[in-house]
Amino acid sequence: MNKRARLRWLIAVLIATAAAGGACWAIRSLLVRHGERPIRGSLTFARELDAEQTFTVDEFAVLWDPARGGSLSLTAIAQPDKMLWSTLPGRSFAAAARAQEHVRERRGMFTIRDRRLSTYSHQHIVSIQPADGAIVVRGFLRTPAADDEVGFTFTLDAHGPDRLRFSLEFNTSAVNRTYLTYASERDEAFFGFGAQFTHMNLKGRRVPVFVSEQGIGRGRQPLTFIMNLLAGAGGDWHTSYAPVPHYLTSAMRSVFLETHAYSVFDLRDESSVQVSLFDASMQGNILSGNTPVELIAAYTEAVGRMRPLPDWILEGAVVGLQGGTRNVRRVWQLLREHDTPVAAFWLQDWVGQRKTIVGKQLWWNWELDRAHYPGWEDLLTDLSDQNIRVMTYVNPFIIDPSEKPSYERNLFEEALGNGYLIQRPEGGPYLVKNTDFSAAMVDLTNPDAYNWMKSILHEQVITAGASGWMADFGEALPYDAVLHSGESAATYHNRYPEVWARLNREVIEETGSGDDFVFFMRSGYRESPRYSTLFWLGDQMTTWDEYDGIKSAVTGLLTSGISGYAFNHSDIGGYTAVVTPLITLARNRELLKRWMELNAFSVVFRTHEGVAPDANHQIYSDDATLAHFSLCANIYTAWGDY
């Protein structure tokens, strides 16, 4: 085959791959969008409930209306005309099932499919009664064939003037899925759900809530298909490091769940919402407020709020650099020549660099690499003299550093020997594939492992002089892992990033000057803002698109803010580049400049060289880019008092 024929063959393969990628992505999206049909059933009730009844729970009124098949509705007593929550007349609002899930994990991303074995969808209400300050609805659920039934209890209990807690429970352990269905308006827009990157309004979509790697491409084709084919790392529009089972709507309604189990909010039906949960009961809250600010305030009052950031990180750019001491001093000199305000240098490669198939990554053995950063203390002193801090990097993974040219402690051996690592079902440490290497996760359910990891941060990170760090990862706990506590990893999965945040927060508080430290995270769940000092959106691509590029950063900032992630930001210029002989998606100067302008108005102004620094345009690549960076850094600093 001559060169021209080989080229034609290669082009044909690429076209076929793109077509197949588009088709497979469309099928997969249809499965998420249209698969796993909602449960529907009828509603009946006892003769004693033939009359309309109104019950009060503190500041709330609960109305039972037997018309059109029966429905429950909820209002605030002070605003009886505003519906906060209601069921659909004649339709069951509670359902249960016995089901078996199939979970596939690749590189921290999860695909979950569920098969229902039995379904209890037809609801009969026996009684609605006040009890101990709450309203309790009792009855039973039947299968469609009416050959089996389970009892249910639905309780509404006020927790202050703007929050009503609900609980749906069953009288048997035979079910492991819980469903709650209630009304929605045709044109009601749904916002929040944590960090959602592609769509702002989630109405009409099926929204899974499960912490995960977001993937590379997230629907951009044919890239997503290729990444899924090669490494299972493409993701989809809903994959998120920090999803949250919480929303507010354009009708000023808001609901959140109290759970760490996998949940799905099915918003595909124009007149209803169905929440499904991989658990045998469901607890949550219905909020009352007249504005988005009031609803967000009520939500964060319940789950926890972020503390203010220290002034120093708001006084200039946080410049992400790699390459060792000499390179930091070189770029610092360039920044000084442009009078660039610098708050900190973020040196993620303080532990040393390793080359992998995706570019330059780090040695996850959490100690200072003095060969890579000679004269570390002198560098920190010189920076401190100019009021510039140093930030570093850490994550809850541990790798074996035996192939590293030099190291002082082998943290992997320490953790392995003491039983501090998450285990496989068949025994042995659970190694999670990253790029071309695997790593073990610290088992944070083990008190000794938890305290050991805290000691690493104290002894290695803080002692090295860091004023903060990226507390990376936290989203990859395997679904079938064995934990020291005996808890189900399937349920603990969404809790792991919260505990990882709590660990980091305890470390800085134990210094006695915790308010002066900043750690930032990408993974999170409902209560992460209670503990974390700062978030970032994770690994956006160095592209312009709404799936995984600069546009997705804007959407992610807005959606996560609604769910309590008050202080969040993105890597200036994005992180994930793809550099191969067949395709190159790397950061150009125009994208970098536009991202600078975007982040000049976000809470923290931080750069990242990206996973492929040599392929990406950098802030120091030329004088014009550096001048524009200095301008944007000064704009950012100018509004810092706000």
Which listed residue, of Asp132, Asp81, is without any contact (Cβ under 8 Å) to a residue 24 or more places away in the chain, at positive phi and acidic (Asp, Glu): Asp132
Right, Phe197: touching a residue at least 40 places away in the same chain (Cβ under 8 Å), in a loop (DSSP other than H, G, I, E, B) and in contact with a helix residue (DSSP H, G or I) (Cβ under 8 Å, 6 or more places away or on another chain) or not? yes
Quick check on segment 624-639. Is at least one of its residues touching a helix residue (DSSP H, G or I) at 6+ places or on another chain (Cβ under 8 Å), surrounded by 22 or more Cβ atoms within 10 Å (Cβ to Cβ), farther than 24 Å from Phe519 by Cα and without any contact (Cβ under 8 Å) to a residue 40 or more places away in the chain? no
Kindly check whether there is at least one residue in segment 367-381 that is out of contact with any Ser or Thr (no Cβ under 6 Å at 6 or more places or on another chain), on the phi < 0 side of the Ramachandran plot and assigned to a strand (DSSP E or B). no
Scan of segment 137-149 for residues that are outside any loop (DSSP other than H, G, I, E, B), open to solvent by 10 Å² or more (accessible area, probe 1.4 Å) and not acidic (Asp, Glu), ordered by number: Arg138, Gly139, Phe140, Arg142
Just to be sure I understand, how many residues within segment 46-58 are under 16 Å from Gln129 (Cβ atoms) and either open to solvent by 50 Å² or more (accessible area, probe 1.4 Å) or part of a loop (DSSP other than H, G, I, E, B) (or both)? 9
Output the residue which, of all residues in segment 156-174 that are of a type in the set (A, V, I, L, M, F, W, C) and more than 23 Å from Asp269 (Cβ to Cβ), is surrounded by the most Cβ atoms within 10 Å (Cβ to Cβ). Leu164
Selection from segment 345-363 of residues closer than 18 Å to Asn395 by Cα, among the hydrophobic types (A, V, I, L, M, F, W, C) and not in a strand (DSSP E or B) yields Leu347, Trp350, Val351, Trp363
What pairs can you find where one residue is in segment 307-318 and among the charged types (D, E, K, R), the other is open to solvent by less than 20 Å² (accessible area, probe 1.4 Å) and not in a loop (DSSP other than H, G, I, E, B), and their Cβ atoms are less than 8 Å apart, with a gap of 6+ or different chains? Glu315/Ala343
In this structure, is Arg106 open to solvent by 60 Å² or more (accessible area, probe 1.4 Å), in contact with a Gly (Cβ under 9 Å, 6 or more places away or on another chain), basic (Lys, Arg) and in contact (Cβ under 8 Å) with a residue 24 or more places away in the chain? yes
Pairs only if they're at least six apart or on different chains, beta carbon under 7 angstrom, first in segment 388-401 and in a strand (DSSP E or B), second at pLDDT 95 or above and among the β-branched types (Val, Ile, Thr); list them, first residue then second. Met391/Val318; Thr392/Val461; Val394/Val461; Ile398/Val442
Taking Phe605, is it out of contact with any Leu (no Cβ under 8 Å at 6 or more places or on another chain) and in contact (Cβ under 8 Å) with a residue 60 or more places away in the chain? yes
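Conditions (1) in a loop (DSSP other than H, G, I, E, B); (2) touching a strand residue (DSSP E or B) at 6+ places or on another chain (Cβ under 9 Å), marked per residue:
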residue	(1), (2)
Leu557	no, yes
Ser560	no, yes
Leu582	yes, no
Phe601	yes, no
Val611	yes, yes
Ala615	yes, yes
Gln618	yes, yes
Phe629	no, yes
Tyr642	yes, no
Residue identified as more than 19 Å from Leu537 (Cβ to Cβ), modelled with pLDDT of 95 or more and buried (at least 19 other Cβ atoms within 10 Å of the Cβ) among His617, His608: His617
Candidates Ala61, Ala94, Ala99 - the one that is modelled with pLDDT of 95 or more, among the hydrophobic types (A, V, I, L, M, F, W, C), surrounded by 16 or more Cβ atoms within 10 Å (Cβ to Cβ) and over 27 Å from Ala46 (Cα atoms): Ala99
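Yes/no matrix, rows are residues, columns are (1) touching a helix residue (DSSP H, G or I) at 6+ places or on another chain (Cβ under 6 Å); (2) under 29 Å from Met441 (Cβ atoms); (3) of a type in the set (A, V, I, L, M, F, W, C):
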site: Leu257; (1), (2), (3): no, yes, yes
site: Ser272; (1), (2), (3): no, no, no
site: Ser276; (1), (2), (3): no, yes, no
site: Ile313; (1), (2), (3): no, yes, yes
site: Pro341; (1), (2), (3): yes, no, no
site: Gly359; (1), (2), (3): no, yes, no
site: Asp369; (1), (2), (3): yes, yes, no
site: His372; (1), (2), (3): no, yes, no
Do you know which of the residues in segment 302-347 that are among the charged types (D, E, K, R) and within 24 Å of the chain's Cα centre (by Cα) is nearest to Glu498 (Cα to Cα)? Arg305
Filter result for Ala553 (out of contact with any Lys or Arg (no Cβ under 8 Å at 6 or more places or on another chain), among the aliphatic types (A, V, I, L, M) and open to solvent by less than 50 Å² (accessible area, probe 1.4 Å)): yes
Determine whether Ala490 is within 17 Å of the chain's Cα centre (by Cα) and either farther than 19 Å from Gln361 by Cα or without any contact (Cβ under 8 Å) to a residue 40 or more places away in the chain (or both). yes
Out of all the residues in segment 560-576, is one or more touching a helix residue (DSSP H, G or I) at 6+ places or on another chain (Cβ under 8 Å), touching a residue at least 60 places away in the same chain (Cβ under 8 Å), among the β-branched types (Val, Ile, Thr) and open to solvent by less than 10 Å² (accessible area, probe 1.4 Å)? no
I need a count of the residues in segment 148-175 that are touching an Asp or Glu at 6+ places or on another chain (Cβ under 7 Å) and either closer than 15 Å to Ala99 by Cβ or among the basic types (Lys, Arg) (or both). 1
Within the group Gly419, Gly359, Gly375, which residue is buried (at least 19 other Cβ atoms within 10 Å of the Cβ) and touching a residue at least 12 places away in the same chain (Cβ under 8 Å)? Gly359
Arg206 - would you say it is buried (at least 21 other Cβ atoms within 10 Å of the Cβ) and basic (Lys, Arg)? no
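The values are calculated or read from the model by the stated rules, or taken from the named source; none is laboratory data. Quick caveat: nothing in here was measured; it's all calculated off a predicted structure. When we count neighbours, we look across all protein chains shown, and the Cβ atoms used for this are built from the backbone with ideal geometry, even at glycine. Accessible surface areas use protein heavy atoms only, side chains included; no ligands, DNA or RNA. Shrake-Rupley method; radii C 1.70, N 1.55, O 1.52, S 1.80 Å.
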